[in-house]
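For reference, the structure discussed in these notes is given below.
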Amino acid sequence: MIITVPLVLLLGIATLLLVRSGKLSAGAGLVAVVFGFLLADTGAAPAIHHLVSDLLSDVQSLRL
């Protein structure tokens with residue numbers, strides 16, 4: 001799905017902003033990033049990708 005890269009960038013920017021604002025410590029931000037990389041290498045990655053794809057397609061189909 002084409003939305004994957006912008007979604008990763010958006011979540012990365014959100015993590016960076018949380019760390020810079022003090023709402024999330026730098027250590028916790030680093031743990032979150034490392035957890036994401038490790039999670040992407042497990043068998044759960046396809047299920048998570050499918051869930052995110054389904055959620056994004058549902059959001060795109062909404063008529064506001």
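Quick one: how many residues across segment 29-64 are within 15 Å of the chain's Cα centre (by Cα) and either at positive phi or not charged (D, E, K, R) (or both)?
Qualifying residue count, segment 29-64: 24.
Picking from VAL33, VAL52, which residue would you name as being touching a residue at least 24 places away in the same chain (Cβ under 8 Å) and either surrounded by 10 or more Cβ atoms within 10 Å (Cβ to Cβ) or aliphatic (A, V, I, L, M) (or both)?
Step by step, each of VAL33, VAL52 is checked, and only VAL52 is touching a residue at least 24 places away in the same chain (Cβ under 8 Å) and either surrounded by 10 or more Cβ atoms within 10 Å (Cβ to Cβ) or aliphatic (A, V, I, L, M) (or both).
If you take the residues in segment 10-46 that are part of a helix (DSSP H, G or I) and of a type in the set (Ser, Thr, Tyr), which one is modelled with the lowest pLDDT?
THR15
The values are calculated or read from the model by the stated rules, or taken from the named source; none is laboratory data. Since the structure is predicted, the reported quantities are computational estimates derived from the model, not experimental observations. All Cβ positions, glycine included, derive from the backbone under ideal geometry; neighbour counts span all protein chains shown.
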